[in-house]
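Novice: This structure is in structure tokens; I'll ask about it shortly.
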Amino acid sequence: MNSALINLLDVIAKHSDAHTMAAKAMPLFVGHMGADNGSLMLLADDRVVHKVLATKETFTAVSEHKVRTVLDGGLAGWSLRHRQGGLASDTEIDERWVSMGDSAIASALVVPMMSRSTVIGLLAFHHADRGYFREAHLARAAELAQLVSPLFDIALMTESSIASLAKLCQGAGYPSTVLDWHGNVKVVNKAMEELDIVWEGANFSQSLLPRELNVGSIRECDWDGMRRLTSLPYDAYATPFRGAGVWIQLAESAISTSQNA
């Protein structure tokens, strides 16, 4: 593996959420391919969950309409359906190419990102020179996709796991919160909101939980059984989900219950 690819993997590995990984990596992908610009669409069940369009220096918003159009009838859709790379060396004569009014794209290619026999993303590159991309570029892009796909797959699975935990948390009767392993509070349910010790959008370190739980970081939330809160009449139960985060649930303290009886 050459140093350029090693550098790309290092950049991706420094981040954990899929969108940040894509945003940081795409300008490097474009440079590695010698392209003018490129795009990365990450998929879950063939549904686009993250999308990035980048040159070597800038990013551009991608409309939902454009995404749907290229997936329905464009080169990206062809690559997704056939689970193989597609090369449009001359976009003017390639029937798989759907023009979106950008005449600057004269040569393009798309490769699927595969992991666990599933297409988890589509990596595309564009160039203004007709005939620029050849089979060698397609092979290089396929190699790149093969190398980075497992990293993005892990990030997407983590994202999916946290989303599932968040749904369970919201429906829980006891005060509950779900945090990722960076300490970011992903969700709090209504019962927890009423206690005002943690709030959605905050970080674990910004809430009262470290003091109440007597821990220094989110990674210490792996105790067995129930733990008494420092000042509030609740016990806490923590359920770690390795690679995703931790679900913390509170229950009224047994001591407090007996005193009120």
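Throughout, read-outs are computed from the coordinates displayed, never taken from laboratory work. A quick note: this is a predicted structure, and the numbers were derived from the prediction, not measured. All Cβ positions, even for glycine, are placed from backbone atoms using ideal geometry, and neighbour counts span all protein chains on display.
Novice: Using the crude model of +1 on Lys and Arg Cβ and -1 on Asp and Glu Cβ, and no other charge, please compute the dipole size for the chain relative to its Cα centre, in debye to 20. If you can, show how the numbers build up before the last one.
Specialist: Values: 22 positive and 29 negative charges, 55 e Å.
The calculated dipole for the chain is roughly 260 debye.
Novice: Counting only helical runs of four or more DSSP H residues, what would the 222 nm mean residue ellipticity of the chain come to if each run contributes -39,500 (n - 2.57) and the total is spread over all its residues? Show your work: numbers first, answer last.
Specialist: Numbers: 8 runs with 97 residues, N = 261.
Counting only the DSSP helices, I get -11500 deg cm²/dmol.
Novice: Something else about it: By counting other Cβ atoms within 10 Å of each Cβ, how are 239, 158 ranked from fewest to most?
Specialist: Numbers: 239 14, 158 19.
Ascending number of Cβ neighbours within 10 Å: 239, 158.
Novice: Then there is this: Who wins for biggest fluctuation among 166, 202, 25 in a Gaussian network model of the chain, springs between alpha carbons below 10 Å?
Specialist: 202
Novice: Using unit Cβ charges (K, R positive; D, E negative) and no other charged atoms, how large, in debye to the nearest 20, is the dipole of the stretch 3-156 about its Cα centre?
Specialist: Values: 14 positive and 17 negative charges, 58 e Å.
Using Cβ point charges on Lys, Arg, Asp and Glu, the stretch 3-156 gives about 280 debye.
Novice: Give me the Kirkwood hydrodynamic radius of the stretch 86-208, using the inverse of the mean 1/r over all pairs of distinct Cα atoms, in Å to one decimal.
Specialist: 17.9 Å
Novice: How much net charge surrounds residue 73 when only other residues with a Cβ under 13 Å from its Cβ are counted (Lys, Arg +1; Asp, Glu -1)?
Specialist: On the way: positive: 66, 68, 81, 96; negative: 72, 94, 95.
My count for the surroundings of residue 73 gives +1.
Novice: Another one. State to the nearest 20 debye the size of the charge dipole of the stretch 90-131 about its Cα centre, where the only charges are +1 on K and R beta carbons and -1 on D and E beta carbons.
Specialist: Values: 3 positive and 6 negative charges, 64 e Å.
Rounded to the nearest 20 debye, it is 300 debye.
Novice: I would also like to ask the following. Working from the alpha-carbon coordinates of the chain, get Rg over Rh, Rh being the Kirkwood radius. Let's see the in-between values first.
Specialist: Numbers: Rg = 23.4 Å, Rh = 20.7 Å.
On the Cα set of the chain, Rg over Rh gives 1.13.
Novice: Right, here's the next one. Rounded to two decimals, what ratio of Rg to Rh does the stretch 171-260 give with C-alpha atoms and a Kirkwood Rh? It would help to have the intermediate numbers written out before the result.
Specialist: Details: Rg = 12.2 Å, Rh = 13.0 Å.
Radius of gyration relative to Kirkwood radius: 0.94.
Novice: In Å and from the alpha-carbon atoms only, list the Rg and Dmax of the stretch 1-41.
Specialist: Both quantities, over Cα of the stretch 1-41: 10.1, 27 Å.
Novice: Please give the per residue volume of the convex hull enclosing the alpha carbon atoms of the stretch 72-151, rounded to a whole number of Å³. Before the final figure, lay out the partial values.
Specialist: Details: hull volume 6.8 nm³, N = 80.
Normalising the Cα hull of the stretch 72-151 by residue number yields 85 Å³.
Novice: Please build a GNM for the chain, connecting alpha carbons under 10 Å apart, and tell me which residue among 209, 42, 144 fluctuates the most.
Specialist: So, out of 209, 42, 144, the one fluctuating most is 209.
Novice: For the stretch 3-156, with equal point scatterers placed on the C-alpha atoms only and solvent neglected, what are the log10 I(q)/I(0) values from the Debye formula at q = 0.17 1/Å, to two decimals?
Specialist: -0.92
Novice: Picking from 7, 63, 131, whose Cα lies most toward the positive end of the charge dipole for the chain (charges on Cβ: Lys, Arg +1; Asp, Glu -1)?
Specialist: 7
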